[in-house]
Amino acid sequence: MAGSVDLSKGLPSHPEKSTLEGKNKFLGFWIFLGGETIMFATFFGTFLGLREGTAGGPSAEELFSMPLVFIMTMLLLTSSLTSVLAMFSMKKNNFKNMLVLMIVTVLLGLGFLGFEIYEFVEYVHHGLGYTTSAFASSFYTLVGLHGAHVLFGLCWITTLIIRYSRSGITLTNAPKFYVASLYWHFIDVVWVFIFTVVYLMGIGGA
Amino acid sequence: MKGRKGLLRFLPLSAMLLFLAGCGEDRLTALDPYGPQAQWIFDNMILSLYVMALVIIVVFTLFFIAVVKFRRKPGDDEIPKQVEGSKTLELTWTIIPIILLVILAVPTIAGTYYLAEEAPEAAGSSGEEEGEEAEEAADAAAEGEDAVVIDVTGHQYWWQFDYPEGFTAGNEVYIPVGEKVWFNVTGNDVIHSFWVPALGGKIDTIPGVENSLWLQADEPGVYKGKCAELCGPSHALMDFKVVALERDEYDAWVDSMSQEEEAPEENSVAAEGRQVFEDQGCIGCHAVEGQGSAQGPTLTNFADRDYIAGVIDFNNENLEEWIRDPQSFKQGNNMQPYPDMSDEDMEAIIEYLNTLSVEDEE
Amino acid sequence: MATATATKDKSVLWDWLTTVDHKKLAVLYLIAGTLFFVKAGMMALFMRIQLMSAENDFLTGQTFNELITMHGTIMLFLAATPLIFAFMNFVIPLQIGARDVAFPFVNALGFWIFFFGGLLLSVSWFFGGGPDAGWTAYVPLSSGEYADLGLDFYVLGLQVSGIGTLVSAINFIVTIINMRAPGMTMMRMPLFCWTGLVVSILIVFAFTPLAAGLALLMLDRIFGGQFFIPDMGGNAVLWQHIFWIFGHPEVYILVLPAFGIISEVIPAFSRKRLFGYTAMVFATLVIAFLGFMVWVHHMFTVGLGPITNSVFAIATMGIAVPTGIKIFNWLFTMWGGKITFNTAMLCASSFVPTFVLGGVTGVMLAMVPVDYLYHDTYFVVAHFHYIIIGGIVLGLLAGTYYWYPKMFGHKLNEKLGILMFWLFYIGFHMTFFIQHILGLIGMPRRVYTYLEGQGMETMNLVSSIGSFVMGAAILVLVINVVYSAFNSERITVNDPWDARTLEWSTPTPIPEYNFAQTPQVRSLDPWFYEKVHGDGTMKPAEPMTDIHMPNGSILPFVIGLGLFTWGFGMVMMNMENTIVPPFLVIGTGVILTFGSMLIRSIKEDHGYHIPLEQVKKIEKEVS
């Protein structure tokens, strides 16, 4: 617990890992992300296995719009960067800076999510409903699951920002922020794979 | 103690296998193989049994000695020597099992390829190999000219057999003796598994997937087949028969299956039955002599069968009951019930069904 | 910030619903697991009655299929898993010298989510019947077109209980890595902790593909997803791959902890350290690793081609090597020991030859062409029951008799125990040995009946009688539990078995903080080491101070209830004429679940401290 860490000289250099609780959270969350990776891998496998199965419906080449996906990718990558910077600010005990960067992260994430919803609506207009084909189902499931992760991450980070907006960095909330930012990176990495496997390979017709 | 019990149970196994082999008129058990594939499987099972028996004897002997010899006597409070382990022993029981596994792995791989042999057409059509390979392929194609390739479709709960000659048989498949017969299998609704234990291994029939399997029967006779993959409430009743005939008899059977329908004599009860068969819509699902669809089993040679629906003894009472209430025999099957069919119609239709035979008058 | 909360005022029920104590959760797991075990066992008896004679009509094909599905699903997910978790929960923190698991809250959460998931699966009987596509739920038989509501309960029940299992597994990993007492290095950990760690890792990597697969099936059934329908570009074999990528490791998830239990019980009652400890640890790791490489051996008849089949056959045979290492190390642990044969040791030692019988048929099954014969026959049924009953259940029984005094403060009656063992052991071999032969003479598995005149009547009858003998054994066990609760002597010593590992250094009953002072570990089998080389007590690694404890919470229960409600709402989407619109139920579930998570996140809970004086008082009472 907090009691075992000497706080007289200010926060330690790694506030997120200086308590046993923090260490446990850190390790536990990494393992959780390992499990998430396998789950996403399964959905990727499903998509790869079924992406040719358009059953007469629209195919990837006909639908995907690269400029849109490029903007989405940029938004998410930038948000990942701002969350890294936020963690640097945390380690320097600059709470205000961290909070601002976290808010920017959330806004960028919201932008991404907005584009994703727009994208899905467009595809439905072009005749790619969820039940149109195996390709459609596996596409919406994979990308939609990622979108759901983004949504959950946004809610989570927002909650943390609101809850701790006045408290400054403490040994209790540092692991929480850190773990949330870890989660956000994970989402970003998954998107990189989606961008490659779903969109680039879809356009390339590999 | 436990060890000995297990061991004693195990030893009589091979004797039991022999005893169990020759029962039943329809050949079923895999312990009495009737073709090269079944024989191969049986021989290798015996090989693996020997290897495994060796393992079991070693383990059980050690176990038995340990539990008898090293019991703690009452009042014995001495602490035995705390042994950490032994590198030599660890190596021994790592290397010996590896050797035993290699003994099993070699035939496993050889057999996997042996049983995966493709139908001869496939080998011939792949075409453009050069030199020896091409010759071999040509040989295979020549050999395979009259190789029998039967398309099998699994339905809930019956088997459809499409012959290259263009006719269809249901629940009973006829094959020539002494040659490899290829079955290209697929599923119509859910996954089934095509299995004739006395002739060879099984292969799943999966919707959207075409699998292939060859079987060979070395003796004429009837071999029982089963569905081995859970496919619904009547999975247990999805039996079929393989009838192996000498080549000339088989050719004759194929001819008569391919022949045009002999219409029943006019004004006979059977002719009336034929009319009922059409009026009631039976023909909508059951093809006869190539007419009608194959949503249900083809009835061209219905009267030659020993079982109705693959499992019920063939007699007129059972046939009537089956037509009136098929669900009471095979839960969940797709046949429409005809509980209210009039007695005359029923009699006529049964009479008609009894004329559906391609076998010579017997 | 940390004030002592008054634990004494709580009612018993509230205490158990809100507990985060790993010892109490272990008891909850034990009770829930046993109830599900008895339920699924009864189903097995019904099936054996049906198969007692040819063309029997005790059950219809439909009911029979529901029973096989529920029997398999419950036994694996809702009986074996929680029973193993019961022992892992109780024993692992004690064996590594920790006061609790890493996340006590998550521990409770895992239990309640698992429990409500199991409940969701079980209520299917009241809504038109259980799932009927086998525990493997192969599509298309399990898809919307061929299966009814039961399958929706299967999908959602397993999805929910799987989340519980997953979070518990993460908790165990962190506990074992971060919470070990000073001196308890990885290579000094008891083998049960090692298997617990490896199994938890397996769960993280195996239950997640299952979650994905179940999600696909749910989307297929409820939202019209087209993953498995060939005409729409889907693929029916996809499900089998996903299922067995989970399903094969699942076997090791269940059997490795049993190996762990055996590796505790055999040394304890042979009074000898585990032979080849290092080899045992590495064998465990190799088994776990290979466990992920062999899933296709469940699919040899799917037609994946000779190359795939050969590769997976070799990998499968490979597993026999580390397993063989384990078998011989157990044998040589007994060799040269001073063996005491009580019920725990009878179960543990008889495990060794029984498991070998199951193992050798496993190698036989790996021979692809011969598997074309064995696959989906009673031979396979016999094989995996030898592994599951001969392996896992015997291990669990050994664990029950071994740890019972520490968990409940009294031993189980030995006479009844030995009677149970022999009934169980004889009944088990009677039931399953003969099924090998049934498979070879042509009896496919999952058949609700068989025709007369195929030579299967006698063997099936023998098998059915055997199953009743096994049932009688379990009845004796239940009688024993009740009888011993009233008649058995209370245990007052720490270590009634003269055992070797750290859990036996704690007083009985164990105070809620386990160790007043964290022990200093000096060797493998630390308790035995102190008894022989020390003064028979563990050296403390810290001065006696206030002890920090986590607060209980009702939130895990509420989250479990929320997920149950959500799952039930999802099933309602496929029901006709629901009284309440499904989305209301789903919404309630989501609000309960995420609301509780939000509360947990916002409200900082730092737990409380037990003051030093009180610790001293408790220590005086128990010693």
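The values are calculated or read from the model by the stated rules, or taken from the named source; none is laboratory data. It should be emphasised that the depicted structure is a prediction, and the values quoted were computed from it without experimental measurement. Cβ atoms come from the backbone with ideal geometry, glycine included; neighbour counts cover every protein chain shown.
For the reader, a short list of remarks on this structure follows.
- Residue match in segment C:518-526 (condition: at negative phi, of a type in the set (Val, Ile, Thr) and within 24 Å of the chain's Cα centre (by Cα)): no
- Any hit, segment C:441-458, residues being part of a helix (DSSP H, G or I), touching a Leu at 6+ places or on another chain (Cβ under 8 Å) and touching a residue at least 12 places away in the same chain (Cβ under 8 Å): no
- Some residue of segment B:221-244 being of a type in the set (S, T, N, Q), touching a Gly at 6+ places or on another chain (Cβ under 9 Å) and part of a loop (DSSP other than H, G, I, E, B): yes
- Lone unmet requirement of (1) closer than 23 Å to B:LEU47 by Cα; (2) under 20 Å from the mean Cα position of the chain (by Cα); (3) within 9 Å of another protein chain (Cβ to nearest Cβ) for C:VAL360: (2)
- In the set (1) under 30 Å from C:GLY183 (Cβ atoms); (2) within 22 Å of the chain's Cα centre (by Cα); (3) buried (at least 24 other Cβ atoms within 10 Å of the Cβ), C:ASP100 fails one condition alone, (3).
- Subset tally (residues that are surrounded by fewer than 17 Cβ atoms within 10 Å (Cβ to Cβ) and under 27 Å from C:LEU59 (Cβ atoms)) for segment B:316-351: 11
- Selection count, segment C:499-544, where residues are in a loop (DSSP other than H, G, I, E, B), surrounded by fewer than 17 Cβ atoms within 10 Å (Cβ to Cβ) and hydrophobic (A, V, I, L, M, F, W, C): 2
- Pairs meeting the criteria (first residue in segment C:328-355 and more than 8 Å from chain B (Cβ to nearest Cβ) and within 22 Å of B:PRO74 (Cα to Cα), second residue in a helix (DSSP H, G or I) and among the β-branched types (Val, Ile, Thr), beta carbons under 6 Å, at least 6 apart or on different chains) are C:THR333/C:ILE266; C:THR343/C:ILE418; C:ALA344/C:VAL265; C:ALA348/C:ILE262; C:ALA348/C:VAL265; C:ALA348/C:ILE266.
Let's see how each residue does on (1) touching a Cys at 6+ places or on another chain (Cβ under 9 Å); (2) within 30 Å of B:PRO207 (Cβ to Cβ); (3) not in a helix (DSSP H, G or I):
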| residue | (1), (2), (3) |
| --- | --- |
| C:ASP100 | no, no, yes |
| C:GLY110 | no, no, no |
| C:ILE113 | no, no, no |
| C:GLY117 | no, no, no |
| C:PRO131 | no, yes, yes |
| C:THR136 | no, yes, yes |
| C:GLU145 | no, yes, yes |
| C:TYR154 | no, yes, no |
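- Of B:GLN295, B:GLN327, all but one fail to be at pLDDT below 85 and under 20 Å from B:HIS235 (Cβ atoms); the exception is B:GLN295.
- Any hit, segment C:527-546, residues being touching a residue at least 40 places away in the same chain (Cβ under 8 Å) and among the basic types (Lys, Arg): no
- Across segment C:291-315, the qualifying residues are those that are more than 10 Å from chain B (Cβ to nearest Cβ) and buried (at least 20 other Cβ atoms within 10 Å of the Cβ), and the one among them that is nearest to C:PRO257 (Cα to Cα) is C:GLY291.
- Checking each residue of segment C:42-54 against the condition of being over 13 Å from the mean Cα position of the chain (by Cα), over 28 Å from B:GLN331 (Cβ atoms) and either part of a helix (DSSP H, G or I) or touching a residue at least 12 places away in the same chain (Cβ under 8 Å) (or both) gives no match.
- Residue count for segment C:427-440 under the criterion of being more than 27 Å from the chain's Cα centre (by Cα) and either within 9 Å of chain B (Cβ to nearest Cβ) or assigned to a loop (DSSP other than H, G, I, E, B) (or both): the result is 3.
- Residues of segment B:65-88 that are closer than 27 Å to C:PHE282 by Cα and not β-branched (Val, Ile, Thr): B:ALA66, B:PRO80, B:LYS81, B:GLN82, B:GLU84, B:GLY85, B:SER86, B:LYS87.
- Number of residues in segment B:225-237 that are more than 7 Å from chain C (Cβ to nearest Cβ) and either surrounded by fewer than 24 Cβ atoms within 10 Å (Cβ to Cβ) or within 16 Å of C:TRP135 (Cα to Cα) (or both) equals 0.
- Qualifying residue in segment C:580-592 (condition: in contact with a helix residue (DSSP H, G or I) (Cβ under 9 Å, 6 or more places away or on another chain) and either touching a residue at least 40 places away in the same chain (Cβ under 8 Å) or closer than 28 Å to C:PRO511 by Cα (or both)): no
- Taken as a whole, the structure places B:TYR34 among residues that are more than 7 Å from every other protein chain (Cβ to nearest Cβ) and assigned to a loop (DSSP other than H, G, I, E, B).
- The residues of segment A:123-134 that are in a helix (DSSP H, G or I) and within 11 Å of chain C (Cβ to nearest Cβ) amount to a single one, A:ALA134.
- Residues (crowded, with 24+ Cβ neighbours inside 10 Å, in a loop (DSSP other than H, G, I, E, B) and at the interface with chain C (Cβ under 7 Å from one of its Cβ atoms)) located in segment B:201-217: B:GLY201, B:ILE206
Residue by residue, here is whether (1) at the interface with chain C (Cβ under 7 Å from one of its Cβ atoms); (2) not in a helix (DSSP H, G or I) holds:
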residue: B:VAL58; (1), (2): no, no
residue: B:VAL67; (1), (2): yes, no
residue: B:ASP76; (1), (2): yes, yes
residue: B:ILE79; (1), (2): yes, yes
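- Residues that are more than 13 Å from C:ILE327 (Cα to Cα), of a type in the set (Val, Ile, Thr) and within 21 Å of the chain's Cα centre (by Cα), drawn from segment C:257-280: C:ILE261, C:VAL265
- Residues that are in contact with a helix residue (DSSP H, G or I) (Cβ under 6 Å, 6 or more places away or on another chain), hydroxyl-bearing (Ser, Thr, Tyr) and touching a residue at least 12 places away in the same chain (Cβ under 8 Å) are absent from segment B:257-268.
- Leading residue by the ranking (nearest to the other protein chains (Cβ to nearest Cβ)) among those in segment C:451-488 that are among the aliphatic types (A, V, I, L, M) and within 30 Å of B:GLY225 (Cβ to Cβ): C:LEU451
- Among residues that are modelled with pLDDT of 95 or more and crowded, with 20+ Cβ neighbours inside 10 Å, C:ALA133 is not included.
Listed here are the residues, each with its yes/no results for (1) within 14 Å of another protein chain (Cβ to nearest Cβ); (2) surrounded by 22 or more Cβ atoms within 10 Å (Cβ to Cβ).
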| position | (1), (2) |
| --- | --- |
| A:VAL121 | no, no |
| A:ALA136 | yes, yes |
| A:PHE139 | yes, yes |
| A:VAL143 | yes, no |
| A:ALA148 | yes, no |
| A:GLY153 | yes, yes |
| A:ILE203 | no, no |
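- Scanning segment B:244-252 turns up no residue that is within 14 Å of another protein chain (Cβ to nearest Cβ) and either over 15 Å from the mean Cα position of the chain (by Cα) or at pLDDT 90 or above (or both).
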